[in-house]
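As structure tokens, the structure follows; a few thoughts come after it.
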Amino acid sequence: MFDVELETARLRLRPYRPDDLDDLAVMFSDPVHMRWYPSPFTREETQAWMDRQGTRYQEDGFGLFIMELLEDGRFAGTAGPTIQDVDGERLVEIGWHVRPGLKGLGLAPEAGAASRDWVFESQDVDHVISLIRPENTGSVRVAEKLGFRIDRQTERAGFLHRVYRFDRTT
């Protein structure tokens, strides 16, 4: 079972728990927040997202984290590593979703950096990626702040995505 917890200056990153459903469902049902996805998630789709994390924890040994604010334990979003199939290649992606109301505070780069560093410390990979639609300028800025560079483009769910890449330095 995946039981890793990470701390940053402002965040605790921990595995998903069943009681995260309400917070995730509110975030994933928000049409503005989910504008880069084909559609917002229903509560059932959010549960399926959570179930996929459990499968990832078991099969891959890791998956997304829940982000909590250290100051008060409030839900801040979700971030971390997942395995993605990109053009037939299994790659470790670092992704992030910051809860509406907390965007623009630097939480995504903070969680993304901690997740990226954890992957390089614990997994035998020479690089990580982030899949981002070109028009998603907020996520593009996060990837650039983290030092990711465009590697190539691919199509996912009928949408063009850039494959941002960050190489292990040591």
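Rule-based calculations on the coordinates, nothing more; no lab input. Just so it is clear, the model here is predicted, and its values are computed rather than measured. All Cβ positions, glycine included, derive from the backbone under ideal geometry; neighbour counts span all protein chains shown.
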Exposure proxy ranking, count of Cβ atoms within 10 Å, fewest first, for L69, L107: L69, L107
Taking only the alpha carbons of the chain, the radius of gyration and the largest Cα-Cα distance, Dmax, both in angstrom, are 14.9, 42
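I need S122, S130, S115 ordered by Cβ neighbour count within 10 Å, fewest first.
Working: S122 12, S130 24, S115 27.
Ascending number of Cβ neighbours within 10 Å: S122, S130, S115.
Based on Cβ point charges of +1 for Lys and Arg and -1 for Asp and Glu, what charge dipole magnitude is obtained for the chain about its Cα centre, in debye rounded to the nearest 20?
On the way: 22 positive and 30 negative charges, 131 e Å.
That gives a dipole near 620 debye.
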Output the Cα-based Rg and Dmax of region 95-170 in Å, rounding Rg to one decimal and Dmax to a whole number. 12.7, 37
Out of G101, L64, A9 - ranked by how far each Cα lies towards the positive end of the dipole of region 6-167, with unit charges on the beta-carbon of charged residues - the top one is G101
Listed residues Y16, Y37, Y57; largest mean-square fluctuation, Gaussian network over the chain with Cα springs below 10 Å, found at Y37
If you look at just the Cα atoms of region 1-91, how large are its Rg and its Dmax in Å? 13.6, 42
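Using Cα pairs under 8 angstrom and six or more residues apart, how large is the relative contact order of region 6-167, in percent?
Values: 261 pairs, mean separation 28.4, N = 162.
Over region 6-167, the number comes to 18 percent.
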